[in-house]
Amino acid sequence: MPAEINLAYPRMVDARAAVLLVEGSESLSLLLKTRIEAEADVDVVACHTLAEARAALRARRFTLVVAARTLPDGPDGEIVAAAEKAETPFILLTATFDPSLRSRFARQHLVDYFVKDNAHAAQLVTAAVVKFIANRDVTVLVVDDSASGRSRLTDILRRQNFTVTQTSCAEDAMRRIDAGGVELVIVDYYMPGMNGYELIRKIRETHPSDRIRLIGVSASSDRMLAAAFLKAGASDFLYRPFVTEELQCRLDAHVETLNQIKRLRHLAEHDPLTGLHNRRAFFEHARRRLRDLEDRGRRGSVFIVDIDHFKQINDTHGHEAGDRVLIGAAKLIKAHADLTGALSARFGGEEFVVLSTDLTDIAAEASAEALRTHFAASRFDAADEPISATISIGLAELDPGETLSNALNAADQMLYLAKSGGRNRVVSDRSFA
């Protein structure tokens, strides 16, 4: 078996990125600076001459340079050499398209280039900067037994600011993918043992395309290989040698697809007001946790939380104030649940639920009581004055093999007793022991 490669390149940028903008036209510079700062979480330093750019590059480390090819004191693209000397990725702005740019596109630090006479140039450049910054959060796994093949791909990916990890072994690739965090996998066909086609089939058995994108590559002249890879579950296929721009565009498309799916999944799984999991997502996540609980033969707990006299809050302070109380309540409940790794959700209206697979008996009751006490001591901002509120909690324990529905019904009965018993209290089976 080939030696495994365990190399993860460090991320190219710090938490707060900095972009150097070099443009001789002050009006275009102001437009780009305003748009980039508005749409990307970056600091933009603008200068208008090559001399200013060189001074800025000496003074600090930039994440990215966005520069005009022609400057008043650098008419022949001298800014390119300055950016490369500083080992800083750059996006080049040019007045007209030069075919030589395409042949130079493989140079080490060139991220992209744009023609400034395009009516949408500012929009395109801004989008490219936003994409570059966001790529740092995307992990790409390169699987190839050829060191030169891995190196070539890694250079291209790092230039686009992806976080890159690589291996020469299909079995190691599966371990990394199963561990989570990998969103894009680029797999070469020819590998000893399990080839790329077989690896993609194996990955797809447990990792659907809405979670991870798989791209097959090969230097083979067999034109049917692409169809075979796609039928095996690949999201895309490219023949070597790569056209760098084509590879970049395809990678961009797959990242955008994953981002769109994430956005849709978030909207489908989260309550739009509080940001907590909604009822449907709670049951989906709870099923997985309960399977693990049953496998371990352990017990858990679930409690339902209800804000006391919530209608009165709405009637007295208005629905906007009521929404603020709900948002504040959700933050408190989620923060409390996160302390023990519990699952929290908004069930609807002023009702929330917390599922713990670690707390039972006295510990679960103490946790619920701590939440109740913290809530009662809190104040929620409203338009006119801070609002105080209390909660009632119904707690039930989960035995191994017990259905979640039974436990929720029991918790709901305990909640009813808490409400009828005066509110602002925790009630569980232990309350009657």
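Each value in this text was obtained by applying a stated rule to the coordinates, not by laboratory testing. Source: prediction; values computed, not measured. Here Cβ is always computed from backbone atoms with ideal geometry, including for glycine, and neighbour counts include all displayed protein chains.
Each stretch of four or more DSSP H residues adds -39500 (n - 2.57); spread over every residue of the chain, this sum gives -14500 deg cm²/dmol at 222 nm. If only the Cβ of Lys and Arg carry +1 and only the Cβ of Asp and Glu carry -1, the dipole of the chain around its Cα centre is close to 600 debye. Under 16 Å from a label point 7 Å along Cα→Cβ of LYS262: give me every residue in segment 18-58 with its amide N that close. Under 16 Å, as judged by backbone N against the label point of LYS262, lie 40-41 of segment 18-58. With no solvent and one equal point scatterer per Cα, compute the Debye intensity ratio I(q)/I(0) for segment 138-283 at 0.13, 0.16, 0.17, 0.19 Å⁻¹ and report its log10, rounded to two decimals. Listed by q, the Debye log ratios stand at -0.59, -0.84, -0.92, -1.12. Of all DSSP-defined beta bridges confined to segment 279-432, some 90% are antiparallel rather than parallel. For segment 14-57, the equivalent ellipsoid derived from the alpha-carbon gyration tensor has semi-axes of 18, 15, 4 Å in decreasing order. Proximity of backbone amide H atoms, modeled 1.01 Å from N, is registered between PHE347 and PHE352, VAL353 at under 5 Å, excluding neighbours fewer than 5 places apart on the same chain.
Using every pair of distinct Cα positions in segment 17-134, the Kirkwood expression returns a hydrodynamic radius of 13.9 angstrom. When DSSP beta bridges are limited to those with both residues in the chain, what percentage is antiparallel, rounded to the nearest 5? In the chain, approximately 35 percent of DSSP beta bridges are antiparallel ones. Distant-in-sequence amide contacts of LEU398, defined by a placed amide H-H separation under 5 Å and a gap of 5 or more residues or a different chain, comprise GLY300, SER301, VAL302.
Taken about its Cα centre, segment 17-134 carries a charge dipole of about 280 debye when Lys and Arg each add +1 at the Cβ and Asp and Glu each add -1 at the Cβ.
For the set LYS262/LYS334; LYS202/LYS262; LYS116/LYS262; LYS262/LYS419, the pairs lying more than 28 angstrom apart at their alpha carbons are LYS116/LYS262; LYS262/LYS419.
Measuring r between the beta carbons of SER420 and LEU230 and using R0 = 60 Å, the FRET efficiency lands at 0.45. In terms of overall dimensions, the C-alpha atoms belonging to the chain reach 83, 60, 34 Å along their principal axes, ordered largest to smallest. In segment 279-432, the convex hull through the Cα atoms has an average projected area of 8.6 nm², a quarter of its surface area.
Note on LYS33: aspartates and glutamates with a C-alpha under 19 Å away, same-chain residues under 8 apart excluded, are GLU23, ASP41, ASP43, GLU52, ASP112, ASP117. Taking segment 125-166, how much of its Cα-Cα pair set, in percent, is spaced more than 16 angstrom apart? Of the Cα pairs, 37 percent sit more than 16 Å apart. Of the residues ASN406, ALA286, ALA321, the one whose Cα sits farthest toward the positive end of the charge dipole of segment 279-432, with +1 on the Cβ of Lys and Arg and -1 on the Cβ of Asp and Glu, is ALA286. Computed from phi, the 3J(HN,Hα) profile of segment 250-259 under the Karplus parametrisation 6.51, -1.76, 1.60 (θ = phi - 60°) reads 5, 4, 4, 5, 5, 5, 5, 4, 4, 5 Hz, with x in place of Gly and Pro. Given the Cα-Cα distance of ASP155 and ARG280 and 0.36 nm per residue of separation, how much length would full extension add, in nm? Stretched fully, the ASP155-ARG280 segment lengthens by 40.7 nm. Comparing PHE229, LEU21, THR373 along the charge dipole axis of the chain, the residue lying farthest to the positive side is PHE229, per the Cβ-charge model. In µm²/s, what is D for segment 267-332 at 10 °C and 1.306 mPa s, where D = kT/(6 pi eta Rh) by Stokes-Einstein and Rh is the Kirkwood radius from Cα pairs? Reported coefficient: 112 µm²/s.
With a cut-off of 13 Å between beta carbons, the residues surrounding PHE380 carry a summed charge of -3, where Lys and Arg count +1 and Asp and Glu -1. Put in order of Cβ neighbour count within 10 Å, fewest first, the listed residues LYS262, LYS131 become LYS262, LYS131.
Within the chain, the longest segment free of exposed loop sites, counting GluC sites (Glu not before Pro) that fall outside DSSP classes H, G, I, E and B and have at most 11 other Cβ atoms within 10 Å, spans 206-433.
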